[in-house]
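All remarks here apply to the structure that follows.
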Number of protein chains: 2
Amino acid sequence: MEIAEFQGLMDNLYGEADRERGIPSTVAWLCEELGELAQAVRKGTQADQLHELGDVLAWLASLANQLGLSLEDAAQRYVDTPP
Amino acid sequence: MEIAEFQGLMDNLYGEADRERGIPSTVAWLCEELGELAQAVRKGTQADQLHELGDVLAWLASLANQLGLSLEDAAQRYVDTPP
């Protein structure tokens, strides 16, 4: 799946709810999901970890959508000029 | 860019350093980058935000690599059974 395709999917599924919620709340949700990922890494199963990786990726895409930015563009920096 | 392609790139670029650092430190780095993203969202430019979105995506991929999990598989759940 293309990164842009996934971001577009998030826009279709959640774009309206994302816009209603607003950017600060979306950042808060992303933080919450990262906490769940950290917990899954520490004491969860591989299935838990996979689930939470997906959630963090999804919320990252939702945030990118609200910022009007492309995760593909963001990823491209690592192709062109990896730090 | 395919999600799997990006994850593979992260493995090529940083896999060895990631393994040396270990999973807990990688989680800590991911948290740090999320903080930088939150700050960029609050008071940074679009360029800052794009930069930090890329960093969070990169560190998420690094973590997935260390867990032996595929971000594509993680993303697929949102295609099959979106919450």
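Values computed for the structure shown
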{"quantity": "Projected-area mean, the protein assembly as shown, by convex hull of Cα positions, square nanometres", "calculated": "8.4"}
{"quantity": "Total accessible area lost when A and B pair, probe 1.4 Å, Å² to nearest 100", "calculated": "3800"}
{"quantity": "Accessible area expressed per residue, chain B, with surrounding protein chains retained (probe 1.4 Å, Å²)", "calculated": "47"}
{"quantity": "The protein assembly as shown - mean residue ellipticity at 222 nm from DSSP helices (-39,500 (n - 2.57) per run, n ≥ 4, rounded to 500)", "calculated": "-29500 deg cm²/dmol"}
{"quantity": "Residues listed by number, the stretch A:39-83, amide nitrogen under 20 Å from B:Asp73 label point at 7 Å toward C-beta", "calculated": "A:39-59"}
{"quantity": "Over chain A, relative contact order from alpha-carbon pairs under 8 Å, at least 6 apart, %", "calculated": "45"}
{"quantity": "Other protein chain Cβ atoms within 10 Å, averaged over every residue that makes up A:65-71", "calculated": "4"}
{"quantity": "J(HN,Hα) series, the stretch A:77-83, from Karplus relation 6.51 cos²θ - 1.76 cosθ + 1.60, nearest Hz, glycine and proline x", "calculated": "4, 6, 7, 6, 9, x, x"}
{"quantity": "Residue mean of other protein chain beta carbons inside 10 Å, B:37-49", "calculated": "3"}
{"quantity": "Net dipole in debye of the stretch A:28-72 [+1 Lys, Arg Cβ; -1 Asp, Glu Cβ; about Cα centre; nearest 20]", "calculated": "120"}
{"quantity": "At 7 Å out from Cα toward Cβ: B:Gly68 inter-copy label distances (nm, ascending)", "calculated": "4.5"}
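The values are calculated or read from the model by the stated rules, or taken from the named source; none is laboratory data. What you see is a predicted model, and the numbers here were worked out from it, not measured in a lab. Every residue, glycine as well, gets a Cβ built from its backbone with ideal geometry; the counts of neighbours run over all protein chains shown. Only protein heavy atoms, including side chains, enter the accessible area calculation; ligands, DNA and RNA are left aside. Shrake-Rupley method; radii C 1.70, N 1.55, O 1.52, S 1.80 Å.
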